[in-house]
Amino acid sequence: MLKNAELLIVPDISAFVGADTVACVLATNLDTREDLTLLVDIGTNGEMVLGNGEKTVACSTAAGPALEGANITFGMAARPGAIDRVFPDGSIRVIGGGKAEGICGSGLIDAVAVALAQGKLNSRGKILQGDRISLTEEIYLTQEDIRQVQLAKGAINAGIGLLCAHIGVKTADIKQVCLAGAFGSFMDPASACLIGLLPAELEGKITAVGNSTGSGAVMLAREENQLARAEAVAKNTYHLDLAAHKNFPKAFAKGMGFAEQNKTEYWRLFALKTGFSAAYSLDIFTLIPREDVRAVCAADKCGAYGKNWTCPPYCGTLEECAATNRES
């Protein structure tokens, strides 16, 4: 027994933004930063804090359990057998390297992002071919699974937007995003931004901060001044009650939708993720058919001459190629 132990009671910001969020603020130093920073802890309840050393505002939104694997047909916790990544070409990664048994939250976000980018979902989230999106021969997503993700992302996206509106800034004004918790550590930020779980303007600003609640608790236990700091954070952070906010239903409904995808940008990012050092869009009107290039093709060093419809001679004569460019 620790007879001389002291029990520290860390204050809440509100009933649904608790001491764990206060600890996150301490660990990430959000309350002392100059730059506008967003702290997000995504779970069944999504807690968010926006601000800096001048002012902070917080909210909580019911994201639901989908991102933790619940209410998903093949959903499961992030343990061996769970698909935790789905790559742009549709390939998967399974925790432990064995046979896929289901899909966890990070894999779910990837899977929806890939399906959206590949044109398998429309902007309303409807599956466009058949009634499922296959990940393996046995594991797939249903229309209801997609709806569960939309409910979660709609709530988180709406919360971020209303926090920004409350202090009079745009999402693009946020300089850094701290993703707290285990889920944030494994989630691919690009996928989260592509599906709109996080606003697209925040991609490139996102950092996983791990178990910042635990780190904040250690700070409180070891440093005497941290309790007073925690009390100041709780006192000075305004709680934005989304349940009573008149604009939440509209923001939530808007947040459930998907943005129309730029296929060119998708493949550019795919090239960069698969190892290319640079990738750019090419304006076809700048292409000039040249005899010397055609002669290089005829040498057949790549082995594709006369075998691929995109290569000579099947791609057409120089004149036909030039005419195609003009008509495009």
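The values are calculated or read from the model by the stated rules, or taken from the named source; none is laboratory data. Only a predicted model underlies this, so the values are computations on that prediction, with no experimental measurement involved. Positions of Cβ are generated from backbone atoms using ideal geometry, with glycine treated the same way; all protein chains shown enter the neighbour counts. Please note that ligands, DNA and RNA were not included when accessible areas were found on the heavy atoms of the full protein model with its side chains. Shrake-Rupley method; radii C 1.70, N 1.55, O 1.52, S 1.80 Å.
Worth pointing out:
- When the stretch 241-257 is filtered for residues that are assigned to a loop (DSSP other than H, G, I, E, B) and either within 28 Å of Glu54 (Cα to Cα) or without any contact (Cβ under 8 Å) to a residue 24 or more places away in the chain (or both), the ones remaining, listed by number, are Asp241, His245, Lys246, Asn247.
- Residue in the stretch 172-193 that is among the β-branched types (Val, Ile, Thr) and farther than 25 Å from Thr213 by Cβ present: no
- For the stretch 5-24, the criterion of a residue being touching a residue at least 12 places away in the same chain (Cβ under 8 Å), open to solvent by 70 Å² or more (accessible area, probe 1.4 Å), of a type in the set (Gly, Ala, Ser) and in a loop (DSSP other than H, G, I, E, B) is satisfied by no position.
- Thr28 being more than 17 Å from the chain's Cα centre (by Cα), open to solvent by 50 Å² or more (accessible area, probe 1.4 Å), closer than 23 Å to Ala180 by Cα and not charged (D, E, K, R): no
- When Tyr238 is tested against (1) assigned to a strand (DSSP E or B); (2) modelled with pLDDT under 95, exactly one condition is not met: (2).
- Filter result for the condition that a residue is surrounded by 21 or more Cβ atoms within 10 Å (Cβ to Cβ) and of a type in the set (D, E, K, R), over Asp89, Asp84: Asp84
- One residue stands out among those in the stretch 201-220 that are farther than 15 Å from Ala182 by Cβ and either open to solvent by 80 Å² or more (accessible area, probe 1.4 Å) or assigned to a loop (DSSP other than H, G, I, E, B) (or both): the one that is modelled with the highest pLDDT, which is Lys205.
- Within the stretch 42-60, being in a strand (DSSP E or B) and free of Cβ contacts under 8 Å to residues at least 60 places away in the same chain holds for Asn45, Glu47.
- Under the condition of being farther than 20 Å from Ala259 by Cα and either among the aromatic types (Phe, Trp, Tyr) or out of contact with any strand residue (DSSP E or B) (no Cβ under 7 Å at 6 or more places or on another chain) (or both), the residues counted in the stretch 189-212 number 2.
- Residue check for Ala77: part of a loop (DSSP other than H, G, I, E, B), among the hydrophobic types (A, V, I, L, M, F, W, C) and open to solvent by 50 Å² or more (accessible area, probe 1.4 Å): yes
- Filtered residues of the stretch 114-135 (kept if polar (S, T, N, Q) and either at pLDDT 95 or above or open to solvent by 80 Å² or more (accessible area, probe 1.4 Å) (or both)): Gln129, Ser134
- Scanning the stretch 170-182 for residues that are open to solvent by 40 Å² or more (accessible area, probe 1.4 Å) and either of a type outside the set (Lys, Arg) or over 14 Å from Asn52 (Cα atoms) (or both) yields Lys170, Ala172, Asp173, Gln176, Ala182.
- Each residue in the stretch 61-74 was checked for being at pLDDT 95 or above and in a strand (DSSP E or B), and 0 of them qualify.
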